[in-house]
Every structure is written in C-alpha cells, then in structure tokens.
Amino acid sequence: MSKSYKEYLNNINTFIFDVDGVLTDATIQVTQNGELLRTMNIRDGFALKAAVEKGYNVCIISGGSNEGVRIRLRNLGIFDIHLGVSDKVEIYNEYIHVNNIKPENVLYMGDDIPDYWIMQKVGLPTCPQDAVPEIKKLSKYISHVNGGKGAVRDVIEQVMKVQGKWMEYFNGKHD
C-alpha cells in the first residue's frame, strides 16, 4: 500500500517550483513589441514569502527566461532562481548537493513534460490540477487548484500547517 502524500509533509524543508503553468496559468500575453507578459497569483507570492521567512529553502527552476519573473521572485525574498534552464535535473542535482538537501526533503511542483525527470528524483512530486496527464500520473499530490491560481499556495500552506509554522508566521503581524 502506498503512503498518502500527507505522510511526506513533515519531512519537507525545500520547495522547488517551475514557473510557467505552476506560478503562472500557462498563458502569455504578447505585446505589440513582442514582450511576453505573465500573470502571477498574489496568494502564491504571499505563501512563497512566508516560506522564505520561516526558513524553508525555496528554489525556482524554469525553462523560461523572463526577467520580470526574476524581479518578482527576488522581491519575495527568493534568490535561488534558475531561468532559461534546458536541463532541470542538472540544476536540481547541483542545488541539493551545494545546500546539503536530501531528495526526500524536497517538494517539487511541475506541470508539463520538462518537469518529468526532476519529479522522479524528489520526495514529494506535486502538480497543479491542470497539469498534463504524464505529470499527474507521476505526482503524489495533485492540487485542487490550477497553475497560477493558487496551487503553489496550496502546497506551501499544507506543509507549513502540518509543521505548525503557518499561523506561527502571522503571530505578531497585524494589518
């Protein structure tokens, strides 16, 4: 009998995310000048910032190379940002080696075939609701939310809640 994905949540100390289709809704708007625009979810950003501030490793590995994405992620406190990547597994292997992270402590969220090989290597492969069938089949958890619509928030919040760090993050922070 296979384990429920919830049994993996306590072990997670590292989040790795793809961008297009995970942090965005897998669409781009093309301006008259050829600029490619993406939309990112504020709630995903909020959860990413909370994870960083509570000491989780957060890394982005994407084939896309939009500098606006890099700026947005840096503003959230994420600095392990790898854009324009052709071999995600190579970046992943280097990242976990340099940071002394065990694969079983990694949650990775991807949505399409370029994520397939890296997802085979992590402790908790996850995907948004609208991921392609091959990725859904490989995932131990499929979010009830589509990419770019809160799927990242979903997985971060679940991990932080199980570990008692979600509401702890807000202790003393009031608007």
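What to note about this one:
- Filter result for Ile16 (in contact with a His (Cβ under 9 Å, 6 or more places away or on another chain) and assigned to a strand (DSSP E or B)): no
- Asp44 vs. criteria more than 21 Å from Glu7 (Cβ to Cβ) and in contact (Cβ under 8 Å) with a residue 24 or more places away in the chain: yes
- Filter result (aliphatic (A, V, I, L, M), touching a residue at least 24 places away in the same chain (Cβ under 8 Å) and closer than 18 Å to Ile42 by Cα) within the stretch 130-159: Ala151, Val152, Val155, Ile156
- Within the stretch 104-120, being farther than 24 Å from Gly68 by Cα and within 15 Å of the chain's Cα centre (by Cα) holds for Asn105, Val106, Leu107, Tyr116, Ile118, Met119.
- Scanning the stretch 118-175 for residues that are among the small types (Gly, Ala, Ser) and surrounded by 14 or more Cβ atoms within 10 Å (Cβ to Cβ) yields Gly123, Ala131, Ser139, Ser143, Gly147, Gly148, Gly150, Ala151.
- The stretch 14-39: number of residues that are without any contact (Cβ under 8 Å) to a residue 12 or more places away in the chain and either of a type in the set (S, T, N, Q) or surrounded by 14 or more Cβ atoms within 10 Å (Cβ to Cβ) (or both): 5
- The number of residues in the stretch 97-117 that are among the hydrophobic types (A, V, I, L, M, F, W, C), in contact with an Asp or Glu (Cβ under 9 Å, 6 or more places away or on another chain) and either crowded, with 16+ Cβ neighbours inside 10 Å or in contact (Cβ under 8 Å) with a residue 40 or more places away in the chain (or both) comes to 1.
Quick note: the coordinates plus some simple rules give every number you see, no bench work behind them. None of the values given here were measured: they were computed from a predicted structure. All Cβ positions, glycine included, derive from the backbone under ideal geometry; neighbour counts span all protein chains shown.
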